[in-house]
Amino acid sequence: MFSLAACGSSGEDSASDTASSSMAPSSSMSAPMSSSMGTGVTTNADVFGPACGQLPQGNEPGSLDSMGPQPVASAASTNPLLTKLVAAVQATNLVDTLNSQEAITVFAPADAAFDKLGEAKFTELAQNPSQLAPILQYHVVPQRYDAQGLQGAGSVETLNTDGGPVKIEGSGENMTVNGAKVLCGNIPTKNATVFVIDNVLTPGTNK
């Protein structure tokens, strides 16, 4: 499921360097957003999806109010739906890289999505950053979209340029990303809009 021709067998240092360079800010990220991206920036009132009710309330860690002012990796680290994604990001040393981006969209697999892979596969990936980093990059779009903008775009390119685009279908609570259902979408953080999804996306699906 996760074999990538571009992965090779380089070690952790090489994988980290590749991930950092691939995810580094670019001029396109600071360019004015087109109307196809919607407003890009969302508020708590824009959040939707069946799993949003599982988030803590008020100013508790992991709540919308708590995550909003934080950069995306820091915000995700408090989200109870995303503990395995956070572990994966930490395993590939991408926390600072994600936090430093100016305006991105993150398709964040929920813990249940990683559970579908099985514990053995998840552990294997976590121990092989050269395989894991391209998968994580395929979940990050180098522009900030809201749900309306994604629907208008139809498909969007990710930071894994070799993986091909991700395809957006449906709308609202029926929105899918490469067939993965949006469990909680339009989550605002300081530098990203987050869409929690129910599957881990596979690079190359739509090439």
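The values are calculated or read from the model by the stated rules, or taken from the named source; none is laboratory data. Since we're looking at a predicted model, the values are computed, not measured. Methodologically, a virtual Cβ is constructed for each residue, glycine included, from the backbone with ideal geometry; neighbour enumeration extends over all protein chains shown. Accessible surface is based on the protein model in full, side chains and every heavy atom, while ligands, DNA and RNA are left aside. Shrake-Rupley method; radii C 1.70, N 1.55, O 1.52, S 1.80 Å.
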For the range 119-133 and the range 135-207, what is the separation of their Cα centres, given in Å?
22 Å
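Give me the percent of the accessible area of the range 59-114 that comes from carbon and sulfur atoms, probe 1.4 Å, all protein chains in place.
On the way: 1070 of 2010 Å².
Whole-percent figure for carbon plus sulfur exposure: 53.
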So what J values fall out for the range 43-49 if you push phi through Karplus, 6.51 cos²θ - 1.76 cosθ + 1.60 with θ = phi - 60°, rounded to Hz, Gly and Pro as x?
10, 4, 5, 8, 5, 8, x
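Using only C-alpha positions, report the orientation-averaged shadow area of the convex hull of the range 71-129, nm², one decimal. Provide the component values of the computation, followed by the final result.
Working: hull surface 15.4 nm².
Its Cα hull, projected and averaged over all orientations, spans 3.9 nm².
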Three-way shape label, the range 167-206, alpha-carbon gyration tensor, a/c 1.5
oblate
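May I ask you to give the percent of accessible area on the range 122-207 that is carbon plus sulfur, with a probe radius of 1.4 Å?
Numbers: 1240 of 3010 Å².
Looking at the range 122-207 in its full context, I get 41 percent from C and S.
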For residue 181, residues with placed amide H under 5 Å, excluding near neighbours
198, 199
Would you calculate the separation in nanometres between label points at residue 44 and residue 100, each defined as 7 Å from the Cα along the Cα-to-beta-carbon direction?
3.2 nm
Indicate the gyration tensor shape class of the range 64-186 (rounded, prolate or oblate), computed on the Cα atoms with a ≥ b ≥ c the square roots of the eigenvalues: a/c under 1.5 is rounded; otherwise a/b larger than b/c is prolate and the rest oblate.
rounded
By the mean-Cβ-within-10 Å protection proxy, highest first, 108-117, 74-83 rank as 74-83, 108-117
State the extension gain, in nm to one decimal, for the chain segment bounded by residue 70 and residue 116, taking 0.36 nm per residue of separation less the distance between their alpha-carbons.
13.7 nm
Along the range 88-100, Karplus-curve 3J(HN,Hα) (6.51, -1.76, 1.60; θ = phi - 60°) to the nearest Hz, with x for Gly and Pro, reads 5, 5, 5, 5, 9, 6, 9, 4, 5, 5, 5, 5, 8
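With the cut-off at 18 Å, tell me which of the pairs 181/207; 84/121; 167/207; 116/207 have Cα atoms farther apart than that.
Working: 181/207 20 Å; 84/121 12 Å; 167/207 11 Å; 116/207 24 Å.
Cα-Cα > 18 Å for 181/207; 116/207; rest within.
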Would you please give the residues with an amide H less than 5 Å from that of residue 70, counting only those at least 5 places away or on a separate chain, with H modeled from the backbone geometry?
190
Sequence order, the range 174-188: Karplus ³J(HN,Hα) from phi using 6.51 cos²θ - 1.76 cosθ + 1.60, θ = phi - 60°, Hz rounded, Gly and Pro as x, gives 9, 5, 10, 10, 6, x, 7, 6, 7, 8, 7, x, 6, 6, x
